[in-house]
Every structure is written in structure tokens, then in C-alpha cells.
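Heads up, the thing below is written out as C-alpha cells.
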Amino acid sequence: MNLLYIIGVIILFFLAYYLIQKKFIFVQTVSGAIVMALGVFSLNVGPHFGQSTAWYKILAIFTATIWAFCMVSYIISVFTGNFKKLHYENLIGRFRIGTWVASTSVTVIIISNYFPMFHRMILPLVIMNTLLWLGFFVISIKSIIHIWQGKIDVNVNGILLLTTVSTQSLVLMYNNVWHDFSSYMYINTTLIGLGFIFYTLSSILIVKRYMLSAWSLVNDWKAPNCIIHGALSIIGSGAVISQTFSYNQLLLLWIIVLLTFVIHEIVEIIRGTRRIKTYGWKEGVAVYHPSQWSRIFTFCMFYTFTLKFNANFDIQTSWIALSQQLILDYGKWVIASLLLIEIGLFFRSLFPNKVQDIDLQQTAN
């Protein structure tokens, strides 16, 4: 695998497609969530299915290829003057740019962990991703201020928490690439602190939206709301690997994540049941949207947080130790099942039996 070769082939594909179709391929802003989900699965969940390493390394290569495809599309949108319309114009939608940062972090970790022979690519990608995060940081601050001032609130959802996810992805990236990076305590602490600040601000705006605006669970509870617990999980994972939290602090955070996870998924079950009653199985719960990959990602991150916490500490509380072991033993099968379902929905969307109503698709997510 050489990522430069992959990018070169993808560029040639884009050019050939343009010459034939007279138009470019523009992927959705949130498509980076696919890389986030598949990448974290291949890094932290896949290895626990057995001794064979071939299949999840192949998945890792496939994930890096998807990342390259998305990045080429995003860059083309800049040079063709379509960036603002596609990725920035919508005030809430621009938070999806956070998936670009997180997906790049995942790709860097994949190269670092699985393909060290391509180490020369790592530093340029780390620098690029850090600069990308700085740009997203500025965009996020401006956007949060606009929302806070009452410019918009009805469409606010968990997508805002990509501010936390993208920031913590840097912690994971730095500490995976440089194993002694935990000694740079001030950098890790600053990034984790920023993650908590973004989480607090975003959560306040989300709570405000659902408390002060009319909404229905069937149509207005969005798929990215799962990031409410996923963002906490990635904070915990970053804290463990960077050694910035004590055992007791991490234990408290893990319990909070567990409770948040359970509450959110109960809400999702109720929502799914009501959507089935309202729209039926196909239109109610079997409508594909790239944002749904955020659920796979958040499940993977909860598994990752549990795994890292369990591996780095001697858990003294019996019910905590038992709960974590059950999650590690059976959670991987739940995540794999959800992943297969999402892949199935993706292929179903490529070959629909009938034209799907756009508004219905949006309400499903």
C-alpha cells in the first residue's frame, strides 16, 4: 500500500469521470464519518475477533482509500468554486467538516499502526491535519457564536459535538504516532480541556433547541445525536492514552459515558419503534444517510474507551470489571452486526427500487 499511489489513481478516476460525464463527483461533507467508523473498527474492534490480522488490515487499506477519495473530492470543490455551497453555506452543516479532521486522524493512526514502512507520509499528514483542525476551530467558534446569538436553533443537533470529536482525534493521533507524546502534558491537557469546553457549549445549544422549540421524536431526533455519548468516549480514550486523568477520574467518566450511552440508545429504540409504526420498516428505519455512520463510530469509541481503560488499570469494583468484560466480549459482535446492516443500507441506496422522497430521508437522520 502506498497512499500516494492510491491518491494518484483516484485523481485519474476523477479526471476520467469528468471527461466522460462532464461533471465532477462531490461527496457529502459528512462522508468522512464512513472513514471514522471503519477506521476505528479496524483499529480497535477487529483485532479482538481472532488471531488473523489479514482481514482487518485489508479493511484498513479500504478505509484509507475511502479517505483519499473523499479528500480529493473536497479539494476539487475548492478549486471549482463549489466549496462554500457544498460544505460551508449551511450554518449547522459546516460542523460536518469536523469529520475531515477526525477521519484524517484515523487514517494517520492506521498508517502508523499497520503500515510503518510508509512512515515518511505520517509527518506531512499530521501537519496537514493540524492545520485543517485550526481552520475548523475558527469556523466552529464563529458558528457557535452565530447560533448562540439566536441566528438559528431549530436544526441544532449532535453534529455540533464534532468540535469535541475532531479536537480529541488530535490527541489520539499525536499519542499514537509518537509514543512518548504523553510527556507533552500541556498539549494533551489543553486539547482535552478544549474538548470539554466544546462539549459543554454544544450540549447547552442542543438542550436549548429541544427544550425551547417544537419537535417530534419521530422526525426531529437526528442520527448524529449519538455523538452525545461518542464525544465523551473519545475524550476518555484520549485521556487514557495521554495519561492525563487519574484512575478515579476516568472511572467516573466511564460510568457517565455508560449511563449516557444506555439512555440515548433507549431513546433510539423508542424512536425506531415509532418510526416503524408511522412509516413502515423500509421508510422508517431502512433509509440510508452518511450521517448514520456516526452511530457505528460512537459504538466503536465506547468500545475503545472501555478497552483502553480496562487494559491500563486494575479495576477494583467488581460490577465495573464485569460490565467492561461483557462489553468487550459481546460488544464487538453488536458493532459488527450494525456495521453489516449499515453496509447493506448503503448498497440498497445505490440500487433503490423506487425514488426515495428526499424530505423523508432527511427526517430519518
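Quick notes
- Search result, residues across the stretch 263-315 that are aromatic (Phe, Trp, Tyr) and over 27 Å from Gly93 (Cβ atoms): Trp281, Tyr303, Phe305, Phe309, Phe313
- Residue satisfying condition, being in a helix (DSSP H, G or I) and without any contact (Cβ under 8 Å) to a residue 60 or more places away in the chain, within set Phe95, Phe136: Phe136
- Within the stretch 41-70, being more than 19 Å from the chain's Cα centre (by Cα) and in a helix (DSSP H, G or I) holds for Pro47, His48, Phe49, Ala54, Trp55, Lys57, Ile58.
- Meets criteria (assigned to a helix (DSSP H, G or I) and either surrounded by 24 or more Cβ atoms within 10 Å (Cβ to Cβ) or in contact with a helix residue (DSSP H, G or I) (Cβ under 7 Å, 6 or more places away or on another chain) (or both)) for Gly230: yes
- Taken over the stretch 19-40, the criterion of being assigned to a helix (DSSP H, G or I) and surrounded by 14 or more Cβ atoms within 10 Å (Cβ to Cβ) is satisfied by Thr29, Val30, Ser31, Gly32, Ala33, Ile34, Val35, Met36, Ala37, Leu38, Gly39, Val40.
- Number of positions in the stretch 124-172 that are within 17 Å of Val207 (Cβ to Cβ), of a type in the set (A, V, I, L, M) and surrounded by 21 or more Cβ atoms within 10 Å (Cβ to Cβ): 5
- Check on Ile296, part of a helix (DSSP H, G or I), of a type in the set (A, V, I, L, M), touching a residue at least 60 places away in the same chain (Cβ under 8 Å) and out of contact with any His (no Cβ under 7 Å at 6 or more places or on another chain): yes
- Long-range neighbours under 8 Å by Cβ, at least six apart or interchain, first residue free of Cβ contacts under 8 Å to residues at least 40 places away in the same chain and surrounded by fewer than 24 Cβ atoms within 10 Å (Cβ to Cβ) within the stretch 299-313, second assigned to a helix (DSSP H, G or I) and not hydrophobic (A, V, I, L, M, F, W, C): Asn310/Gln324; Asn310/Gln325
- Single residue of the stretch 82-105 satisfying the filter (of a type in the set (A, V, I, L, M, F, W, C) and under 26 Å from Gln149 (Cα atoms)) that is surrounded by the most Cβ atoms within 10 Å (Cβ to Cβ): Phe95
- Pairs with Cβ under 8 Å, 6+ apart, first in the stretch 327-342 and closer than 11 Å to Thr304 by Cβ and surrounded by fewer than 18 Cβ atoms within 10 Å (Cβ to Cβ), second at pLDDT 95 or above and aliphatic (A, V, I, L, M): Leu328/Leu307
- Residue check for Trp281: exposed (fewer than 13 other Cβ atoms within 10 Å of the Cβ) and within 29 Å of Phe351 (Cβ to Cβ): yes
The values are calculated or read from the model by the stated rules, or taken from the named source; none is laboratory data. On a predicted model such as this, the values are computed, not experimentally measured, just so you know. Using ideal geometry, Cβ is built from the backbone for each residue, glycine included, and neighbour counts are taken over all protein chains shown.
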